[in-house]
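The values are calculated or read from the model by the stated rules, or taken from the named source; none is laboratory data. These figures come from a predicted structure and were not determined experimentally. FYI the Cβ positions are ideal-geometry reconstructions off the backbone, even for glycines, and counts take in every protein chain you see.
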Amino acid sequence: MRNVVPILTVVAAIFVLWYAGAVALNASWAQDKAKRAGVELSFNELVADTWSQEKPKLPAPHQVGAEIWKTTGAMVARGRAFSKRSLIYHSWVTFSSTALGFVLGTVLGIALAIGIVYNRTMDMSVMPWVIASQTIPILAIAPMIIVVLNAVGISGLLPKAMISMYLSFFPVVVGMVKGLRSPGAMQLDQMQTWNASASQSFWKLRLPSSMPYLFTSLKIAMAASLVGAIVGELPTGAVAGLGARLLGGSYYGQTIQIWSALIMAATLAALLVGLIGMIQRITLKRMGMAQ
Amino acid sequence: MNDATVISAKDLSLTFQTNDGPVHALKDVNLGVNKGDFVSFIGPSGCGKTTFLRCMADLEHPTGGSITVNGMSAEAARQARAYGYVFQAAGLYPWRTIGGNIRLPLEIMGYDKADQDQRVKRVLELVDLAGFEKKFPWQLSGGMQQRASIARALAFDADILLMDEPFGALDEIVRDHLNEQLLNLWDRTNKTICFVTHSIPEAVYLSTKIVVMSPRPGRITDVIDSPLPRERPLDIRDTPEFLEIAHRVRDGLRAGHSYED
């Protein structure tokens, strides 16, 4: 409970800045409009106008809130939660490729980490490539992935998920290499004294030791996956998904739509990362490793 | 070498190649350990006592001479799971309960479930930790953790116990108590124990044979067969016999220039 006051203070500060920003950024448009109409705006009228424009430079929080409600709660109330105009539908589309890409990225990341830890050749050669892969701007490579996969007949969910995977495997590789190498020399010697096989050392020592590292990586990977899914929707002219909403909004100057999609994406990310955090707590508690 | 010899080292040498030139961790070490012996290795840091123990355990590989454990090469003995090894730190897995930690080597060695349960129960009683099976390591004190790690080394059928300064990180009072328990345990299980320490009273109190070692190069300067009886109450440490052996150990260390820089 003692956390509530500081959190509310910060949230309040953000809202104040946001509303002030809306006034500052939208004022010139309101003034122009007033000048053309030949009227003089009082301060109150100016503020009211900047907070209620149809295509503001920076929409006010309540405008975004209303738009989100119109495209989520209100649609659910009308039983049209999954209509094409619903943000729930678009979030679901983005979520499905995020989730698939996350799973693929995690599997790939863990597999590469195991290879790096157990195979000297891979240890020496793979890591530089893994790092290099992340220096390529994803926006540059995303269309190519989509086009190439389309050319071999793969379309739909998988190409977008591949972009998510491309972003999400990296933190998993880095975290898992560190995690699988976290057992000390003594613990490895101990396994040796019991004449344990390599697979026994892996399942009984290295893998459990790596769990705290894995979960930390998974949180980053989940957020990266979501970014990947949204980026994957941008260059493809996708008609569904939060990325498509962002792009559509920017074509038509629908800033409110852009912002509501952004907030929806952030909420989705928070939920997904929170979910991983919950699984982390439960797992580590079960393992007796919770702090 | 007779039938009762469990560990035998002949002209054992181990040289590490470092950037500052070769380091002679062990040089021409000869020693026989008999079945049922309690042998302590004592000496200053760098005298090779831990390296010697690790050679017995096949964790280090000698560069000269030979070592046999149970009549086999150290490697064959390790593969036959001939010994239990207790490290300086308890090294219990935080994600396993005490029982689960003791069960770990048994799982690796493929003991069946019922046998595992029974062995865990037996060794926990042996180290006075009955009832702690379901506790996690962090719920135990340092001394109890080290006892659990000894229990883990006793759980499988190895008649040699190699201990590398197992009580080095514990305070004097706990250490006294554990020394007494260890003697008791040695008496009941009839294991052969090799015990590395840098405490003279601990070495004299525990051992039937004390091996005094010296550094640069790591070598044995004296081997003392203790005349003390098997039955040793803690206050035996105030008897003249005890002090005499302690004195001889100190002389051995001095002869090896262990007190000089």
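Residues in segment A:64-80 that are small (Gly, Ala, Ser) and part of a helix (DSSP H, G or I) were compared, and the one that is surrounded by the fewest Cβ atoms within 10 Å (Cβ to Cβ) is A:Ala77.
Evaluate the following for B:Gln79: is it within 23 Å of B:Glu180 (Cβ to Cβ), surrounded by fewer than 21 Cβ atoms within 10 Å (Cβ to Cβ) and either facing chain A (nearest Cβ under 10 Å) or modelled with pLDDT of 90 or more (or both)? No: the conditions fail for B:Gln79.
In this entry, A:Thr94 passes the filter for residues that are within 22 Å of A:Ala265 (Cα to Cα), within 30 Å of the chain's Cα centre (by Cα) and assigned by TED's automatic domain parsing to the domain that holds A:Ala224. Taken as a whole, the structure places A:Ser217 among residues that are among the hydroxyl-bearing types (Ser, Thr, Tyr) and either buried (at least 18 other Cβ atoms within 10 Å of the Cβ) or more than 10 Å from every other protein chain (Cβ to nearest Cβ) (or both). For the condition touching a residue at least 24 places away in the same chain (Cβ under 8 Å), buried (at least 17 other Cβ atoms within 10 Å of the Cβ) and either in contact with a Lys or Arg (Cβ under 7 Å, 6 or more places away or on another chain) or within 14 Å of chain B (Cβ to nearest Cβ) (or both), A:Ile256 does not qualify.
Remark: pairs (first residue in segment A:174-194, within 7 Å of another protein chain (Cβ to nearest Cβ) and at positive phi; second residue assigned to a helix (DSSP H, G or I) and of a type in the set (Gly, Ala, Ser); Cβ separation under 6 Å; 6+ apart in sequence or on different chains) are absent.
Among the conditions (1) away from every other protein chain (no Cβ under 11 Å); (2) at pLDDT 90 or above; (3) surrounded by fewer than 21 Cβ atoms within 10 Å (Cβ to Cβ), B:Leu124 misses just one, which is (3). Every condition in (1) within 14 Å of chain B (Cβ to nearest Cβ); (2) at pLDDT 90 or above holds for A:Val273 except the one numbered (1).
Specify the residue that is nearest to A:Pro59 (Cα to Cα); the eligible residues are those in segment A:251-291 that are in a helix (DSSP H, G or I) and among the small types (Gly, Ala, Ser). Taking the candidates together, the pick is A:Ser260.
Looking at this structure, is B:Phe38 more than 14 Å from B:Gly218 (Cα to Cα), outside the structural domain of B:Ser214 (by TED's automatic domain parsing) and touching a strand residue (DSSP E or B) at 6+ places or on another chain (Cβ under 7 Å)? In short, no.
Okay, residues lined up against (1) within 17 Å of the chain's Cα centre (by Cα); (2) surrounded by 21 or more Cβ atoms within 10 Å (Cβ to Cβ); (3) away from every other protein chain (no Cβ under 14 Å):
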residue: B:Pro94; (1), (2), (3): no, no, no
residue: B:Glu107; (1), (2), (3): no, no, no
residue: B:Leu162; (1), (2), (3): yes, yes, no
residue: B:Gly168; (1), (2), (3): yes, no, no
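Here is a check on your reading of the model: is A:Ile154 crowded, with 16+ Cβ neighbours inside 10 Å, modelled with pLDDT under 90 and aliphatic (A, V, I, L, M)? Judged against the criteria, A:Ile154 is not a match. Of all residues in segment B:196-205, at least one satisfies being crowded, with 19+ Cβ neighbours inside 10 Å, farther than 30 Å from B:Val23 by Cα and assigned by TED's automatic domain parsing to the domain that holds B:Cys55. Considering every residue within segment B:127-134, establish whether at least one is surrounded by fewer than 20 Cβ atoms within 10 Å (Cβ to Cβ), at the interface with chain A (Cβ under 10 Å from one of its Cβ atoms) and in contact with a helix residue (DSSP H, G or I) (Cβ under 7 Å, 6 or more places away or on another chain). No, there is no match, as no residue in segment B:127-134 is surrounded by fewer than 20 Cβ atoms within 10 Å (Cβ to Cβ), at the interface with chain A (Cβ under 10 Å from one of its Cβ atoms) and in contact with a helix residue (DSSP H, G or I) (Cβ under 7 Å, 6 or more places away or on another chain). Of the strands (runs of 3 or more DSSP E) lying entirely inside segment B:38-104, those containing at least 1 residues that are out of contact with any helix residue (DSSP H, G or I) (no Cβ under 9 Å at 6 or more places or on another chain) span B:38-42, B:64-69. Got at least one residue in segment A:174-193 being in contact with an Asp or Glu (Cβ under 9 Å, 6 or more places away or on another chain), closer than 23 Å to B:Val86 by Cα and at pLDDT 90 or above? Within segment A:174-193 (the criterion being in contact with an Asp or Glu (Cβ under 9 Å, 6 or more places away or on another chain), closer than 23 Å to B:Val86 by Cα and at pLDDT 90 or above), the answer is yes, since at least one residue qualifies.
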